[in-house]
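To start, the structure itself, in structure tokens.
Just so it is clear, none of the values below were taken in a lab; they were calculated from the coordinates. Fair warning: this is a prediction, and the values are worked out from it, not measured in the lab. Here Cβ is always computed from backbone atoms with ideal geometry, including for glycine, and neighbour counts include all displayed protein chains.
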Amino acid sequence: MSEHALFDGLLYASFVLSLITAAYLSFATAPYGRHARAGHGAVVSNTLGWVLMEAPAALVPILLVVLSDRRDLTTWVFLALWESHYLYRTLWYPWRIRQRGAALPLLIVLSGAVFNVLNGYLSFRYLTVFAPGYGDAWLGDPRFVGGCALFALGIAINRQADRILLSLRAPGETGYKIPHGGLYRYVSCPNYFGEVVEWCGWALLTYSLPGLSFALFTAANLLPRALAHHRDYRRRFAEYPAQRRAVVPFVL
């Protein structure tokens with residue numbers, strides 16, 4: 001089997017995985033964070049778990065770009081945009097988590113790492129080998145410009161939501177509180193909303209099937225989790241704002 005055939009097979013499988021993920025998470029909730037529960041095997045610390053899970057997504061694209069012959073300006077811009085998300089997720093976010101005693105199931109960490117290897121391969125093997133080539137003119141294309149605007153908006157929403165969440169607990173404090181400010185006025189999970197917007201922007205700015213696959217998987221993974229978070233907030237807090245939606249302002 002040629003690598004191109006393997007790539008196509010993995011790409012098709014990634015679309016199927018999105019459908020399976022959406023269907024499964026409509027009935028079950030991944031057992032970590034506020035939804036953690038016993039009976040899912042070995043665990044690792046939150047900090048270590050996030051680093052191990054996200055690091056492949058940062059490292060695989062760098063390796064693919066460095067080893068490729070397609071290292072023009074547009075390719076480096078793609079890589080810089082991608083790494084602006086994953087270096088944050090690998091090197092900054094895990095060390096800001098206040099619940100250092102909490103743990104992630106090793107199964108969640110390993111499955112997330114495997115997905116990140118696959119997704120990094122599909123995204124950047126396409127951009128560095130299988131794509132017909134974008135050229136520097138792509139940086140002025142309306143699809144790239146519009147996608148960058150969405151990508152930047154998603155990052156801004158996601159980072160603001162993270163800052164609000166991370167500031168809720170004092171050092172050593174545990175438990176959950178109602179977040180306020182930013183898009184928390186309208187939804188329970190603006191961090192997830194921002195991430196979906198971000199990767200929809202990526203799909204547009206690369207105008208690629210791997211980009212679309214990742215955007216669909218992000219929505220399939222995060223939208224059901226946001227709905228579960230919303231139900232949990234309403235269960236925990238009788239005073240929870242009734243007008244808030246789960247993830248998409250005024251819609252969902």
Semi-axes a, b, c in Å (a largest) for the range 187-229, each sqrt of 5 times a Cα gyration tensor eigenvalue, come to 21, 10, 4
Put in order of increasing Cβ neighbours within 10 Å, starting from the fewest, Cys189, Cys148, Cys200 give Cys148, Cys200, Cys189
Which residues make up the longest stretch of the chain clear of trypsin sites (Lys or Arg not before Pro) that lie in a DSSP loop with no more than 16 other Cβ atoms within 10 Å, not counting the sites? 178-252
Please give the length that would be gained between Ile62 and Val145 if that part of the chain were fully extended, namely 0.36 nm times their separation in residues minus their C-alpha to C-alpha distance (nm, one decimal). 27.6 nm
Identify the residues of the range 41-73 with backbone N under 12 Å of a label point that sits 7 angstrom from the Cα of Leu106 along the Cα-to-Cβ direction, or state none. 41-45
Calculated Rg and Dmax of the chain using C-alpha coordinates, Å: 18.6, 59
Size of the dipole of the chain about the Cα centre, Lys and Arg at +1 and Asp and Glu at -1 on the beta carbon, nothing else charged, in debye to 20? 1280 debye
Charge dipole of the range 38-180 about the Cα centre (unit charges at C-beta), most positive-ward option of Ile178, Gly112, Ile97: Ile178
At 0.36 nm per residue, minus the direct Cα-Cα distance, what do Arg185 and Phe237 gain on full extension? Give it in nm, one decimal, please. 17.2 nm
Ranking Met1, Met53 by Cβ neighbours within 10 Å, fewest first, what do you get? Met1, Met53
